[in-house]
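Computed from the coordinates by the stated procedures, all read-outs in this text should not be read as laboratory data. Predicted model only: the values in this text are computed from it and were never measured. Quick reminder, even Gly has a Cβ in these numbers, built from the backbone with ideal geometry, and neighbours come from all protein chains shown.
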Amino acid sequence: MQKETDRLNLDEYRDVWVFAEQRDSKLRGVALELLGKGRELADSLNVKLVAILLGNNVADQCQELVSYGADKVISVDDPRLEHYQTDIYADIITRQVLTSKPEIFIIGATFLGRDLAPRIARRIGTGLTADCTGLDIDEEARLLVQTRPAYGGNIIASIVTPSVRPQMATVRPRVMKALDRDTARRGEIINIPPAIDEKNIMVKIVEIVKESKRSVNLEEADIIVSGGRGVEAPEKFRVIQELAEVLEAEVGASRDVVDAGWIPSTHQVGQTGKTVRPKLYIACGISGAVQHMAGMRESETIVAINNDPDALIFQIADYGIVADLHQVLPLLTKKIRQSMEER
Amino acid sequence: MKVVVCIKQVPDTGEVRIDPETGNLIREGVPSIVNPDDKHAVEEAVVLKEKYGGKVTVITMGPRQADAALRECLAMGADEAILLSDKAFSGADTSATSYTLGSAIKKLGEFDLILCGRQALDGNTAQVGPQLAEFLKVPQVTYARKIEITGGGLKVERALEDGYEIVETRLPALVTATKDLNIPRIPPMDAIMDAYGQKEIITWTASDIDVDRDKIGIKGSPTRIRKASTPVLKKGQIEIIDGTVEEAVDTLVVRLKGKQLI
Amino acid sequence: MDFKLTPEQEMIKKAAKEFADREIEPIAAQVEREKNMPPDMLKKFAKARLLGMTVPREYGGVGSSFLNWALATEQISYPASACGGLMAMNNTVPNMIDRYGTQEQKEKYIRPLCQGEVIASLAFTEPATGADPRLITTTAELDGEYYRINGTKRFITDSPFDGPVILFAKTNDRISGFIVDKNSEGYTTSKPYELMGGGGWVTADIYLKEVRVPKDNLIGDLDNGFIILLQWAATSKLALCAGSVGLAQAALDESVRYAKERVLRNNRPIAATQSIQWMLAEMACKVEAARYLLYWAASLVDQGKDVMREAAIAKLFSSRAGVEVADMGLRVHGAYGFTTEYKIERIYRQAKGNEVIEGTSEVQRSIVAGFLVR
């Protein structure tokens, strides 16, 4: 835990830090997104942007981090760091943070990040805000304003960490934008020896299993075609699947349809299902119940097809067609297929 | 086996509606439930007890009405329920919450396993579990899909984004439960009667547990909510595409192509 | 007079509703269509401790109040499936054994019913009568250590399945009740009747030919069996009330949902029209009234009162309410209500059954009038 006196000397804390998550020795998309946002924050505050990277054989990734905006990279490269393990990562990173005293430290809100960040924050004794969709600087107060959804997305909260440092946040993937890659950028790359104390490793990884891509992966999908009660019957779900096929999209579903047993719950989008942020979400016969919208409202472009003009879904959609989906979808599928063949 | 389960009573956000006129959340009449992920944690604890013997203690930090949530857990098979209720606890962020829960758990004495739900329906942070593990200095295993007690301790299958991993750790440990872990039982009728009739909820205030008043509640929360509002529904205007079905489809295709989505 | 449910009662209701949602609703349409109840359903009820709810714990029951049982039965009846009917017999019959049985009978027969190992039945009705003890022709003759029972019973629920049946037979020109093992030699059943509603529910005639029943299986006093029948009928009526309330609520919810979805030409939902709104309002009134008559009668049982009059009133009103609500609900659905795509058609058919079984509405009227004019 930090000493009491540290809390008063907020001025000692400078720089924006980003945790660079890697998988199989390659940077994950969220790391680059965080750098994009981090750059903006660092420029506002007139400080450095530092990336901290743990992994095995990640030397080439260090330069990548610089190309994507980092002024400095702290790299800890060791075979024992190849696969994420809570205790090792928390130990190393906490030590670095306590030594270097960043004022802001952001981590991607991935499975890894949400396992790691709270452990670090608690160890340091600082505040952590989860799953942020917005980060801004209040220049007057020199505070990081962290914006995040709560209550299933029905509330947007702005949160600050006034008296402790670093201000930590996990950031929702695919919300922030990475900078364009600029190989001309120059930055400082520091390699730190890992100094792992085996005694502190409390959890041992026995086996890692990758599951085949044929399992439904709504969270990573670029395009999702989703069906709701308006589809009317399980046999009629074909029109949704056919459109999804031609778009190489994933199939999603509302809770009603999953509860009715028309499609497995792995396809459910919504508060108790999956939260998705595709580039394109096509909602067919979905009325837009609050808990469904909570799961997909962050989609970049939303198309709604519903024969009820008052359906709530139209309030969050970019494009809407008020018509029977059983008429629209087959035609849409046909037109898209045609236009793809033309190319 | 002594298992402690941390639960939270939350509004059933699945039942929440937005007032169409004001755009605000309608909170009245929204029933309170045991947080779904926490129910999976309770179920797992009871299953472990049934298999290995021992005791399940459920604990929550909340207002008086969290009593109903604790009773439901008792009806599912928990042996003991503790309500941490005090004005001094209110306004806590995850840091202060994990401190409070952790301090109460320390008072309970030795335990083998702490189970928490992965995240709560209202806060959605998924932070209390790991922070509690750190406070108590025990190993954490998050996103558990399957739990097994072994000679050496615990073996857990935990979900990854693109698969899963199997990990081992010694006890005591903390595990966060996901909905893939089990199907929570429906509390049987007699257990419900006993939860209200026989069993007692133990209530602790801040004075009952050994806490530093500066570390609980709003005082002990490093993060502060500056503002909360209902989101403006989406950016920009919706374009309702008119015309016959044929025409509308054509227009939509043009729009989507323009955005390089197809 | 506080009409609010206690937190415990709320949880009973919630747990029963969860059971109905999880175990019955997903298969209800299929069970109705195929007239085939899943064989593990009774055990599921037992595990949830929904059987023998009002019977003491020492005999394997739950020891709960009648009101709790009514609350649970109402929720179990919501999916409008014959599966819900499984709950009734294994509650009402062990309840009678607890009230009128000997210690040995209680210890022998109640637990297996509570644990869902066997299904109970009650056999009074015969071809000649469903209500008049003087028209009963099934006989029981004492022969040494046994009674020999001969006769025919009609429309007995679950009569083909293993378990005990409380069977009423003529003794000394009066009637007596006997606990008969449905597995006994000489006990056979007819092919089950095909019914208008409640697909999966099994009702058949019983043929008794020289069925030997140990004389210790007499339940209650000799020649005084009718009182057992009357008391059983009162509780059974409460089960039926709960059934009517459950399915009427379902009819209302379905109709409201349909009315909000179905649009007219100007894209207005039919729920915005007065004609539909008035029907929905009527339906809501009837459901609430039926519900509180049920709770009222069940509460009186808990207070130790005799409820023959109240049960008749509740059954009379709620069964009619169920029919009327189902009828209005079907009209709200329009032609779609006539198809099996929607739940309302099976609610309609099942509601009708509640009006005529276990004492027609006319019988109930006679009972109520009897209390008024005597």
Quiz item: Which loop GluC sites (Glu not before Pro) in the stretch A:177-213, with loop taken from DSSP, have no more than 15 other Cβ atoms within 10 angstrom of their Cβ?
Solution: A:GLU211
Quiz item: Among C:ARG349, C:ARG257, what is the fewest-to-most ranking by other Cβ atoms within 10 Å?
Solution: C:ARG257, C:ARG349
Quiz item: Given the rule -39500 (n - 2.57) for each run of at least 4 DSSP H residues, summed and divided by the residues of chain A, what is its mean residue ellipticity at 222 nm, to the nearest 500 deg cm²/dmol?
Solution: -9000 deg cm²/dmol
Quiz prompt | Whole-percent pair-distance distribution, where bins are 5 Å wide, for the alpha carbons of the stretch A:4-200 | solution = 1, 8, 17, 22, 22, 16, 9, 4, 1, 0
Exercise. Springs between alpha-carbon atoms under 10 Å, Gaussian network over chain B: tell me which of B:ILE218, B:ILE238, B:ILE201 tops the mean-square fluctuations.
Key: B:ILE238
Practice problem: Report, as a whole number in µm² per second, the diffusion coefficient that Stokes-Einstein gives for chain C at 20 °C and 1.002 mPa s using the Kirkwood radius over alpha carbon pairs. | Solution: 101
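Grab the alpha carbons of the stretch A:218-342, take their convex hull, and tell me the volume per residue in Å³. Could the numbers behind the result be given before it?
On the way: hull volume 11.2 nm³, N = 125.
Hull volume over Cα atoms, normalised by residue count, gives 90 Å³.
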Exercise. Determine, for C:TRP69, C:TRP232, the number of other Cβ atoms within 10 Å of each Cβ, and report the residues in order from fewest to most.
Key: C:TRP232, C:TRP69
Quiz item: For A:ASP60 and A:LYS101, FRET efficiency with R0 = 30 Å and r from the beta-carbon atoms, rounded to 0.05?
Solution: 0.55
Self-check item: Computed label-point distance, nm, for sites A:ASP182 and B:ILE166 using a 7 Å Cα→Cβ extension
Solution: 4.9
Quiz item: If you look at just the Cα atoms of the stretch B:2-220, how large are its Rg and its Dmax in Å?
Solution: 17.1, 60
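Within a 10 angstrom radius of each residue's Cβ in B:115-125, how many Cβ atoms of other chains show up on average? Whole number is fine.
Average per residue, whole number: 4.
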Exercise. Give the residues of the stretch C:249-263 whose amide nitrogen is closer than 19 Å to a point set 7 Å from the Cα of C:GLU282 in the direction of its Cβ.
Key: C:249-260
Quiz item: Among rounded, prolate and oblate, which fits the stretch C:1-88 when a ≥ b ≥ c are the square roots of the eigenvalues of its C-alpha gyration tensor, a/c under 1.5 means rounded, and a/b larger than b/c means prolate?
Solution: oblate
Practice problem: Can you tell me the FRET efficiency between C:ALA335 and A:GLU12 if r is taken as the Cβ-Cβ distance and R0 is 56 Å, rounded to the nearest 0.05? | Solution: 0.15
Quiz item: Cα axis of helix C:226-261 to longest principal axis of chain C: angle in degrees, 0 to 90, nearest 10?
Solution: 20
Quiz item: Using Cα atoms only, what is the angle between the long axis of helix B:245-258 and the major principal axis of chain B, expressed in degrees (0 to 90) to the nearest 10?
Solution: 70
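According to the Kirkwood expression over distinct Cα-Cα pairs, how big is the hydrodynamic radius of the protein assembly as shown, in Å?
In the protein assembly as shown this quantity evaluates to 31.6 Å.
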Practice problem: With a point put 7 Å past each Cα toward its Cβ, work out how far C:THR102 is from C:VAL356 in nm, to one decimal. | Solution: 4.1
Quiz item: Does anyone have the angle between helix B:67-76 and the longest principal axis of chain B? Alpha-carbon axes, 0 to 90°, nearest 10?
Solution: 70
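Applying 1/(1 + (r/R0)^6) with R0 = 35 Å to the Cβ-Cβ distance of B:ILE149 and C:ASN36, what FRET efficiency is obtained, to the nearest 0.05?
The computed FRET efficiency comes out at 0.30.
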Quiz item: In what sequence, highest mean first, do B:220-229, C:72-81 appear when ranked by Cβ atoms within 10 angstrom?
Solution: C:72-81, B:220-229
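Considering all projection directions equally, how large on average is the shadow of the alpha-carbon convex hull of chain A, in square nanometres?
20.2
Under the classification rounded if a/c is under 1.5, otherwise prolate if a/b is larger than b/c and oblate if not, where does the stretch A:17-123 fall, given a ≥ b ≥ c as square roots of the Cα gyration tensor eigenvalues? Each step should come with its number before you reach the end.
Values: a/c = 1.57, a/b = 1.18, b/c = 1.33.
Taking the square roots of the gyration eigenvalues as a ≥ b ≥ c, the stretch A:17-123 is oblate.
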Self-check item: Estimated distance in nm for a label pair at A:ASN46 and B:ARG64, the labels positioned 7 Å out from Cα along Cα-to-Cβ
Solution: 5.5
Quiz prompt | Scattering curve values for the stretch C:147-262, log₁₀ I(q)/I(0), Debye with Cα scatterers, q = 0.11, 0.17 Å⁻¹ | solution = -0.49, -0.92
Exercise. Would you mind ranking C:MET279, A:MET340 by Cβ crowding within 10 Å, fewest neighbours first?
Key: A:MET340, C:MET279
Quiz item: Taking the DSSP beta bridges in the stretch A:218-342 as the whole, what percent of them are antiparallel, to the nearest 5?
Solution: 0
